[in-house]
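Notes for the one structure printed next.
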Amino acid sequence: METALAFMCGIIAAASIYLMLSGNLIRFIFGLVLATNAVNLLIFVSGRLAETRPPLIEEDAAVPAKALANALPQALILTAIVIGFALLTFVFILFYRTYQSLGTVDTESMRIAEPGQSDPEAGATPGERDDTSKPAAGEGPA
Amino acid sequence: MNTILVLPVVIPFAAAAVNLLFNGNSGREHRISILGALLHFAACAALFVRVYSSGMQTMQVGNWPAPFGITLAADHLSAVMVIVTAILGLAVTVYSRAEIKSDLLAAGYYPLLHILLGGVSGAFLTGDLFNLYVWFEVMLMASFGLLVLGREKQQFDGGVKYVMINLFSTLLFITGIGLLYGMTGTLNLADLHLAVQKVDNQALLTATAAIFMTAFGIKAGMFPLFFWLPASYHTPPVAVSAILAGLLTKVGVYALIRIFSLVFIFDMAHTHGLLLIAAVATMFTGVLGAAGYNEFRRILSVHIVSQVGYMVLGLSLFTPLALTGAVFFLLHNMIVKSNLFLISGVSARISGTFELKQLGGLYNNHRFLALLFFVSAFSLAGFPPLSGFWAKLILVRAGLETGAYIAAGAAVVVGLLTAYSMTKIWGEAFWKPEPAGKSAEKGRPDVWMLLPVSVLAILTMVIGLLPGPFLAVAEQAAHELTHPEIYVNAVLGGK
């Protein structure tokens, strides 16, 4: 079981990295979701899957009588899922606002903050807010 | 219960909450924030005094005994980091009074700033690896918010890159946590120190160490993982740049120092050898990268990378002297770097630009500001008798003592190249006469801007002229870092 899950982690992680590297913000989000799941699965497996008994100690006993399933990785994963969900929400909104503002989801054409050699003036002035006189960023790499 | 360890975390969160209640009332928000930052500073100072007078402090949250509960622990390194955090927090809060306008305040600037301070303090004080991950996330969320708060085009551009790479680094971090837990069954740092020695497969442990190194290396801006930093740090308001530059990469460096002095110290040839190479490469790429820029804040941003190299150099040599140098460098650099960003903001307030070509004449018209810049910039470059000189001297000497001649030589050369960049800013922005045809000054520097800048510059002078007490603290921190049993005994109760 552990071996199968380990391979699954690897496959999901590989898919997520492919998506994240594809240079498109939408694909990056899907890659991020997959990567989070791969990592959660990895933590789950690292807690070992040998025991399936629920981690409950009998009344009046200080220690469990038999070996129990490891509950700690699940607590860790739960925390990671909650945090990951909050981050995902933020990333969705950030990317949506970025798309509204820059007019592109292609990371190669996002050059406002770091203008190329040919375009030393763009983005260098502070306080520039949604300046429409500049060429839209979606017109290919600089 | 050792409540003093909780206060540096709780106070900023309380300040954030109270600020939210007064959202929309700028005057009150400014006052509450300064009060919150003052209280935070008081709590951190009290913690520092306690650690300095009676040694390492620990606290088990909820009275769950270690290693089962969450441990908070403050040794000299944590105490130093926390108090510098509080100083920078206070300085930036005061500065924000002059810079941050009501639209940013309404968008939640102060709550985010305080949450950032709380998250950073938590990361410095926790003694548990998973808890460190949680504090990293708190800190990152706040920094994401601060970075795109002005909703300018270039902020979105820089912010997207910053968010992407930092999320990836966090995923690597938690992957490492999972693997380490699978091998040892514990996540308490002190307990990990004992547990990793019993792991059969030491090669797997070194591989996990590499994952942690990559994760923290991204946060710290280490070579070759630093590209997100010059892409984003110059885009937000100056107060935000200053606090991010002073704190965030340093949390990465702190995490590297903590993990690679407490947990992964049994395969030094691989881990610390790799860190040494990365450190030298980081120093050079940072300083050479800065030479190509002509914008005040971008030069400073790329220089952050170069200085992270010095800190990692101290860690990778791993002698008491080298670690003393690393801690002293952290202390000096956090203050100086934040201050330089704040000064760039003051000069932009005067001239309306960060572009060096359009700046000029600041020395003639603003002697005092020029003096403040001079102190900070040449401290960064390592001119005696300013604070950076001592930090670099210790690191160079540590390099020579351990036979790392290339690293020691690199530290000297990079110091000179830093002086080149600082001289460029000095010459262009301060000494050069005002560019012809330029309209009159855009604005006057506010007293709320000059006050924190002056205090930080004075602090830099004090560290430079009276390095003794600061060195003693750094030496004590290095002593604790090279004797992990002190940390382990304090947390686990000498078992």
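The values are calculated or read from the model by the stated rules, or taken from the named source; none is laboratory data. These figures come from a predicted structure and were not determined experimentally. Counting neighbours? That spans all protein chains shown, and the Cβs are built from the backbone with ideal geometry, glycine included.
Odds and ends about this structure:
- Total residues in the range B:154-166 satisfying the condition of being facing chain A (nearest Cβ under 7 Å) and surrounded by fewer than 23 Cβ atoms within 10 Å (Cβ to Cβ): the figure is 1.
- All positions within the range B:169-185 that are under 22 Å from the mean Cα position of the chain (by Cα) and either within 7 Å of another protein chain (Cβ to nearest Cβ) or not in a helix (DSSP H, G or I) (or both): B:Leu171, B:Ile174
- Scan of the range B:393-407 for residues that are buried (at least 19 other Cβ atoms within 10 Å of the Cβ) and modelled with pLDDT of 90 or more, ordered by number: B:Ile394, B:Leu395, B:Val396, B:Ala398, B:Gly399
- Every residue from the range B:444-495 that is of a type in the set (Phe, Trp, Tyr) and buried (at least 19 other Cβ atoms within 10 Å of the Cβ): B:Phe470, B:Tyr487
- Scanning the range B:186-205 for residues that are within 12 Å of another protein chain (Cβ to nearest Cβ) and touching a helix residue (DSSP H, G or I) at 6+ places or on another chain (Cβ under 6 Å) returns B:Thr186, B:Leu187.
- Of all residues in the range B:133-153, those that are more than 10 Å from chain A (Cβ to nearest Cβ), in a helix (DSSP H, G or I) and in contact with a Leu (Cβ under 8 Å, 6 or more places away or on another chain) total 4.
- The residues of the range A:97-114 that are more than 7 Å from chain B (Cβ to nearest Cβ) and basic (Lys, Arg) amount to a single one, A:Arg111.
- Of all residues in the range A:1-54 being under 26 Å from A:Tyr99 (Cβ atoms) and assigned to a loop (DSSP other than H, G, I, E, B), the one that is modelled with the lowest pLDDT: A:Gly23
- If you go through the range B:207-262 and pick out every residue that is among the hydrophobic types (A, V, I, L, M, F, W, C), within 14 Å of chain A (Cβ to nearest Cβ) and not in a helix (DSSP H, G or I), you end up with 2.
- Cβ-Cβ contacts under 7 Å between residues 6 or more apart (or on different chains), taken from a first residue in the range A:69-96 that is within 10 Å of another protein chain (Cβ to nearest Cβ) and touching a residue at least 12 places away in the same chain (Cβ under 8 Å) to a second residue that is loosely packed, with under 15 Cβ neighbours inside 10 Å and outside any helix (DSSP H, G or I), are listed as A:Asn70/A:Arg48.
- Candidate set from the range B:69-91 (those that are in contact (Cβ under 8 Å) with a residue 12 or more places away in the chain and more than 18 Å from the chain's Cα centre (by Cα)); member that is nearest to B:Gly122 (Cα to Cα): B:Leu72
- Elements of type helices (runs of 4 or more DSSP H) contained in the range B:55-131, each with 1 or more residues being of a type outside the set (S, T, N, Q) and buried (at least 24 other Cβ atoms within 10 Å of the Cβ): B:76-99, B:109-125
- Test: A:Thr36 is closer than 27 Å to B:Thr186 by Cβ and facing chain B (nearest Cβ under 9 Å): yes
- Filter result for B:Ile174 (under 19 Å from B:Gly252 (Cα atoms), surrounded by fewer than 21 Cβ atoms within 10 Å (Cβ to Cβ) and touching a Phe, Trp or Tyr at 6+ places or on another chain (Cβ under 7 Å)): no
Residues are listed down the side, and each one gets a yes or a no for (1) farther than 13 Å from B:His114 by Cβ; (2) of a type in the set (Gly, Ala, Ser); (3) touching a strand residue (DSSP E or B) at 6+ places or on another chain (Cβ under 9 Å):
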site	(1), (2), (3)
B:Leu7	yes, no, no
B:Phe13	no, no, no
B:Ala17	no, yes, no
B:Gly27	yes, yes, no
B:Ser33	no, yes, no
B:Leu39	no, no, no
B:Cys44	yes, no, no
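- Extreme residue, farthest from the other protein chains (Cβ to nearest Cβ), among residues of the range A:9-21 that are over 14 Å from B:Thr175 (Cβ atoms) and surrounded by 15 or more Cβ atoms within 10 Å (Cβ to Cβ): A:Ala15
- For the range B:42-54, a tally of residues being of a type in the set (Gly, Ala, Ser), within 21 Å of B:Glu485 (Cα to Cα) and buried (at least 19 other Cβ atoms within 10 Å of the Cβ) returns 0.
- Residue match in the range B:189-212 (condition: touching a Leu at 6+ places or on another chain (Cβ under 7 Å), over 12 Å from B:Ser301 (Cα atoms) and of a type in the set (S, T, N, Q)): yes
- Test: residue in the range B:453-469 that is touching a residue at least 40 places away in the same chain (Cβ under 8 Å), within 26 Å of the chain's Cα centre (by Cα) and more than 30 Å from B:Asp75 (Cβ to Cβ): yes
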